[in-house]
Amino acid sequence: MFRSLGCDEIARFARGVREIKAAKGEILFHRGDACNGFHLILSGQIKLAFTSSEGNEKVVDILRTGQSFGEAVMFMDKPYVVMAQALADSTLLHIGKQVFFEEMNNDPLFCRRIIAGLAQRLHRLMGDVESYSLRSGRERIIGYLLREEETIGDAASVGRVSIRLPTSKGTIASRLNLTQEHFSRILNELTSSGLIEVEGRTIHIPDIGRLRCNVE
């Protein structure tokens, strides 16, 4: 988003930016809170989730360093529709909407980057809907493991690889629209098939190529 901005342009944002330190488990905002800007993650991990009055939770996304959230709600001038919670000790920047809108008024190229970023998220959301609707739980989990491996490794990796799950299995299960019991059962099935080996939050994949064949 800010990659091509010069020092002078970045400096214009400084008056509308504040740094936030969030400890693991801390709530950044609740559903219904007013939105007066958006967040950029400098380090750590943030969970976005829907919560019911009974305390049930549906994880919408798990965000990491370099990702931002809250732009769409900011543009609509609506309150937050999800809650945000730190899954690890995190540092974020909160960028106020007034200074952000002023920069958009001054820079059409910056506007196009914002639109492109929101379009990418919409595309990913549609992919999630397709996955939940048309893919089995087994395919969702395998797809998730492959995406994690690509994020931390190399999309062309071969042979044995290991993945450290970024958060708890229950949180990942909710993100994949699965119950924790169903998630654990599928991990056991994949283990029995020799496709993975589970060691706490570390998933060892004896043959990444063989695992890829199970979703192609």
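The values are calculated or read from the model by the stated rules, or taken from the named source; none is laboratory data. The shown structure was predicted, so the numbers you read here are calculated from the model rather than taken from an experiment. All Cβ positions, even for glycine, are placed from backbone atoms using ideal geometry, and neighbour counts span all protein chains on display. Side chains are part of the model used for accessible areas, which takes the heavy atoms of the whole protein and leaves out ligands, DNA and RNA. Shrake-Rupley method; radii C 1.70, N 1.55, O 1.52, S 1.80 Å.
In nm, give the distance between the simple-model label positions of residue 116 and residue 215, each being 7 Å from the Cα along the Cα-to-Cβ direction.
With each label point 7 Å from Cα toward Cβ, the separation is 2.6 nm.
Using a simple charge model, +1 on the beta-carbon of Lys and Arg, -1 on the beta-carbon of Asp and Glu, nothing else, what dipole does the chain show about its Cα centre, in debye to the nearest 20? Before the final figure, lay out the partial values.
Numbers: 28 positive and 27 negative charges, 15 e Å.
Charge dipole, the chain, about its Cα centre: 60 debye, nearest 20.
Of 107, 77, 89, which is the most mobile in a GNM of the chain whose springs link Cα atoms less than 10 angstrom apart?
It is 107.
Defining a contact as two alpha carbons under 8 Å apart and six or more residues distant in sequence, what relative contact order in percent does the range 77-216 show?
Details: 95 pairs, mean separation 31.7, N = 140.
Value for the range 77-216: 23 percent.
Give the carbon-plus-sulfur fraction of the accessible surface of the chain in %, rounded to a whole number; probe 1.4 Å, heavy atoms of protein chains only. Walk me through the numbers before you get to the answer.
On the way: 6220 of 11810 Å².
C and S fraction of accessible area: 53 percent.
Checking the cross-link filter: which lysines have an alpha carbon closer than 22 Å to that of residue 24, excluding same-chain neighbours under 8 positions apart?
47, 58, 169
Computed FRET efficiency, Cβ-Cβ of residue 123 and residue 64, R0 22 Å: what is it to the nearest 0.05? Can you show the working numbers first?
On the way: r = 18 Å, r/R0 = 0.84.
FRET efficiency, residue 123 to residue 64: 0.75.
By DSSP, what percent of the beta bridges with both residues in the chain are antiparallel, rounded to the nearest 5? Before the final figure, lay out each step's value.
Values: 34 of 34 bridges.
If we restrict to bridges inside the chain, about 100 percent are antiparallel.
Leaving out ligands, DNA and RNA but keeping every protein chain, what accessible area does residue 39 have, in Å² rounded to the nearest 10, with a 1.4 Å probe?
Rounded to the nearest 10, the figure is 10 Å².
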